[in-house]
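Novice: Take a look at this one; I'll ask things after.
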Amino acid sequence: PWIPMQMEGIGAAPGWSAGWPTRARADSNAAVPTDQAAVIGTLAGTNGQRLKSAEFCRFLQLLDLSATGTMDRTALARAVKSGASVLTPGHGLDSANRLFDLVRQQALPGSSRGGVTAQDVLATLGVADLLDLYPAPSRLEPLQNPLPTVGAEAIAAAVTANIGRLTVAHGDAGVGKTTAMRQIGDHLPAGSQVVLFDCYGAGEYLSAGEERHTPRRFVTQVVNEGAQRCGTPLLVQAPADEGDLWRRLSRTLEQAVTTLPDGAVLILAVDAADNSAVAARERDEQSFLTDLVRLPLPGRASVVLSARSHRVPSLGADGAAQVPLPPFRAETSAAHLRRYQPAASDEECLDFHGRSGGNPRAQNYTLEQARTEAWDMATLLKKSERTPQQMFELLLASGLQAGDTDAGGERWLAFLLALARPVSMATLATALDVPIEKVTAFAKGLAPGIRLVGERIKFRDEDFETFVRGRVDDQAVVEAHGRLADLFLEQRATSADAAAHVATHL
């Protein structure tokens, strides 16, 4: 009779815990019959103090033994091995057996009761680190109280109208492409999921060890991001054959849409996709874009790529639906200005919108400088007439002047582009053979186009990096790589940076 009593008590537990999500464990005695309370008490006692009250209640809500006994041990073993083998396609039953044995060992008498940890699973499957499962994680900073963008609405409308197809969202520098891509989910049907792939990687997309443009890293990252959102299987060991790799992505998308509620959609959003085309061209390799734009998509799934308008042809997405991204509306520009100048009048807000053209990036640069330099409203409005291009020209001139680079400005910029990101100011100073104080002044003069993170330099955004790259001759970058290769060869035994990056410069 104890078995039915256990089932009855456990069956009552979710209802009790859902009704009293923060109630202490001991209060279960007053909420359920005595025999059922005894079962819950036994569970609580076995758990000890490893779960707090609220966590224990959540555990009870998730506990479901309704399928207990529906499969015999042999069938259950086959099911577990089948599920484990999905994690390691192309590796036969060996990895599945090892994973199965790891779990089975925990059930044997005398085994430790610490449970199976993530590191146990990774070690069993021969995976060294979580970075192997998520090789191209997003490096986008968290959005703090973001302003709503018209672009996000436009993209969401386009992908839902072209479900099962490829869509390209494009715009000029500073129009807010990345912010719009991150806000797509706010305008999709309830229960929809967005898997976002960050091609720019905070400016590190050209750094050795990143290789975000390669099919293997793209597919692995996307499949495993999708696993988090939709419960589809993880990709632990990517298949060696590239064709099988894309087949795995296709199968994952098909499985993922079946987990969504009716009416919901799955969006694979590839932000700054044109950077992957640039990286592939720089390394003379193939970008994942080549096959992604040809990938058949299941119903209720779409892919959207974002890029700067003049780079759309580099995506190879001929025939895709295109969405031009508009600037801020007047009311959004007003909200932006009032975050910095709360007392701004309606007339001043409208003037700010008109002068800035509603360009979010141009507005942000102006407002950041206004705050740093304590401009009054008249000065702020006057300065806001600058386009991003004009603003970048001034930032570049400021940095070169502050660093006292004289006629060697292009050489300084070439080293800034050639070094691995984020750029070490000490390494830059050594390569240029100048005091570090000059490099510090140079970096501060480029702000807010760049950010200083400790003793390292990072480009704030793709637009400013692209502008700087356009001001430097390709041969100057080649010469910078040559100088860095010589320097790092000398230092490779004593400098971690040199040892890590000498091959890239060679």
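Novice: If a paramagnetic tag sat 7 Å from the Cα of D120 along the Cα-Cβ line, which residues of the range 226-266 would have the backbone N under 18 Å from that point?
Specialist: From the range 226-266, the list is empty.
Novice: I want the local charge near S333. Using Cβ-Cβ distances under 14 Å, sum +1 for each Lys or Arg and -1 for each Asp or Glu among the other residues. Working shown, then result.
Specialist: On the way: positive: R329, R338, R339, R355, R361; negative: E331, D346, E347, E348, D351, E385.
It works out to a net charge of -1.
Novice: For G357, what residues show an amide H to amide H distance below 5 Å, using hydrogens built from the backbone and excluding near sequence neighbours?
Specialist: HN-HN under 5 Å from G357: empty list.
Novice: Considering only protein heavy atoms and a 1.4 Å probe, what is the carbon-and-sulfur percentage of the accessible area of the chain?
Specialist: 52
Novice: Given labels modelled 7 Å from the Cα in the Cβ direction, how far is it in nm from Q105 to L452?
Specialist: Taking the simple label geometry, Q105 and L452 are separated by 5.2 nm.
Novice: Moving on. Explain nothing, just compute: Karplus ³J(HN,Hα) = 6.51 cos²θ - 1.76 cosθ + 1.60, θ = phi - 60°, for every residue of the range 378-392 in order, whole Hz, x for Gly and Pro.
Specialist: Running phi through 6.51 cos²θ - 1.76 cosθ + 1.60 with θ = phi - 60° gives 4, 5, 4, 5, 5, 5, 6, 6, 6, 7, x, 4, 5, 4, 5 Hz.
Novice: If ligands, DNA and RNA are left out, what is the accessible area of E285 with a 1.4 Å probe, given in Å² to the nearest 10?
Specialist: Per-residue accessible area (E285): approximately 90 Å².
Novice: Could I ask something else about it? Can you give me the long-range amide H partners of G403? Hydrogens built in the peptide plane at 1.01 Å from N, cutoff under 5 Å, separation of 5 or more residues or another chain.
Specialist: Sorted by chain and number, the residues that satisfy this are F442.
Novice: Considering only the chain, what is the antiparallel percent among its DSSP beta bridges, to the nearest 5?
Specialist: On the way: 6 of 27 bridges.
Taking every DSSP beta bridge with both residues in the chain, the antiparallel ones total about 20 percent.
Novice: Could you run the Debye sum over the Cα atoms of the range 228-319, one equal point scatterer each and no solvent, and tell me log10 of I(q)/I(0) at q = 0.13 Å⁻¹, two decimals?
Specialist: Log10 I(q)/I(0), no solvent term: -0.52.
Novice: Quick one: what Rg and Dmax do you get for the range 297-368 from the alpha carbons, in Å?
Specialist: My reading of the Cα-based Rg and Dmax gives 17.2, 51 Å.
Novice: Could you give me the ³J(HN,Hα) list for the range 281-289, computed from phi with Karplus coefficients 6.51, -1.76, 1.60 and θ = phi - 60°, whole Hz, x at Gly and Pro?
Specialist: These are the phi-based 3J(HN,Hα) values: 5, 4, 9, 6, 10, 8, 7, 4, 4 Hz.
Novice: Using the heavy atoms of the protein chains and a 1.4 angstrom probe, tell me the accessible area per residue for the range 389-506 in square angstrom.
Specialist: The answer is 46 Å² per residue.
Novice: Taking amide H positions as placed in the peptide plane 1.01 Å from N, state which residues far from C199 in sequence (5 or more) or on other chains have amide H under 5 Å from it.
Specialist: The list, which skips near neighbours in sequence, is D271.
Novice: Now, a different point. For the chain, what's the relative contact order in percent, using C-alpha pairs closer than 8 Å and at least 6 residues apart?
Specialist: That works out to 13 percent.
Novice: Suppose only helical runs count, i.e. DSSP H with n ≥ 4. What mean residue ellipticity at 222 nm does that imply for the chain under -39500 (n - 2.57) per run, divided by all residues and rounded to the nearest 500 deg cm²/dmol?
Specialist: Per the formula, -16500 deg cm²/dmol.
The values are calculated or read from the model by the stated rules, or taken from the named source; none is laboratory data. Quick caveat, the model's predicted, so the values are computed rather than measured. For neighbour counting, all protein chains shown are included, and Cβ atoms are generated from backbone atoms with ideal geometry for every residue, glycine included. Quick note on the areas: whole protein, heavy atoms, side chains included, nothing else; ligands and nucleic acids left out. Shrake-Rupley method; radii C 1.70, N 1.55, O 1.52, S 1.80 Å.
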